[in-house]
Amino acid sequence: MTLVAQAGPLSEANAAKLQKAQSELLSLSYTMHTDSSEEARFYACKLLIKDLVGALKTPNSFHFDFSDLKGVKVIMAPDSSFRFFTWELHVNREEYRHYGAIQYNTGELKLLPLIDRGDQLRQNPETAVTTNTNWLGYVIYDIVRGGTYEGKSYYFLFGYDRHAALSRQKILDVFYFDGAGMPVFGLPVFAVYTPEGHLLEDHTRLVLTYSAEANVAMRFEAETSRIVYENLIIAQAPDGGPISLPDGSYHALEYGTDGRWHEVSKVFDHKYEKAPVERVRPAAERDIMGRTKGQ
């Protein structure tokens, strides 16, 4: 994708303006993530959307990193041509809603919203192809170049979804721009296997659903140019029902000459002394605002 009129330098005055806006947005983010009132959380989220769009209208805002805006994840594309803003809203015990936008690297604001339609995709999330208007919904924690498949240059998005009271999800999504420059999520670039060893070739993304009490790693491993993620097994929960847990082994995907990522070994035997990723779990040692729990 070629972008014209890329963002120029951010003036000192506009940087100061955005710094002030970031402080106000941080206050809204705090309320959105921590208030006990569902109504207050929704209202803070609504104001955060409005005020974030207003702040991004500042000329050359693309060069302000919003690094202090806790509770909102800002992820830059490897070539700095666009970036994602994503966050979650705790609706109730069984529901989390996701919000976000794609900002293009332009002087004047070019922004596309991400509309969470994950509730409509629960039946077949791993084979769907979507756009920004029917997005699966998750917080993006990393983006890397994926390769080229059938003439399409694509990225991998690594996402996290709190999902529900007793379950969490890690998502490996595929993202690219179509011929008109519009965003598309999902592309069948995976050659992976079922637990029984049957090849699956229709997956447009990978979704790991696991117990809320577990931590599951999924990341790009730069030193080996592979994607690694933990193997899940079905175990018995304390209430007697089934539960998905990591067993300490890992899957690996490697890029092939066909532009797809192939599972080189269904489950490798190698056990890492430590997980090949910092185990991101907002409810563990730090809350979603980045604070040490108990403070």
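Every number here is computed from the coordinates shown, using simple stated rules; none is lab data. As the structure is a prediction and not an experimental result, all values here were calculated from the model. A quick note on method: Cβ atoms are made from the backbone with ideal geometry, for glycine too, and the neighbour counts reach across all protein chains shown.
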**Report entry** Set 241, 186, 259: member being in contact with a Gly (Cβ under 6 Å, 6 or more places away or on another chain) and either surrounded by 14 or more Cβ atoms within 10 Å (Cβ to Cβ) or free of Cβ contacts under 8 Å to residues at least 12 places away in the same chain (or both)
**Finding:** 259
**Report entry** Where residue 83 falls short, out of the listed (1) under 23 Å from residue 136 (Cβ atoms); (2) buried (at least 19 other Cβ atoms within 10 Å of the Cβ); (3) touching a residue at least 60 places away in the same chain (Cβ under 8 Å)
**Finding:** (3)
**Report entry** The listed residue being free of Cβ contacts under 8 Å to residues at least 24 places away in the same chain and either at positive phi or crowded, with 20+ Cβ neighbours inside 10 Å (or both), out of 52, 48, 28
**Finding:** 28
Query raised in the report: What about residue 170, is it of a type in the set (Lys, Arg), under 27 Å from residue 111 (Cα atoms) and crowded, with 19+ Cβ neighbours inside 10 Å?
Result: yes
Query raised in the report: In region 116-123, is there at least one residue being of a type outside the set (Ser, Thr, Tyr), touching a residue at least 24 places away in the same chain (Cβ under 8 Å) and assigned to a loop (DSSP other than H, G, I, E, B)?
Result: no
Requested in this report: Check 30, 43 and return the single one that is in a helix (DSSP H, G or I) and over 22 Å from the mean Cα position of the chain (by Cα).
Outcome: 43
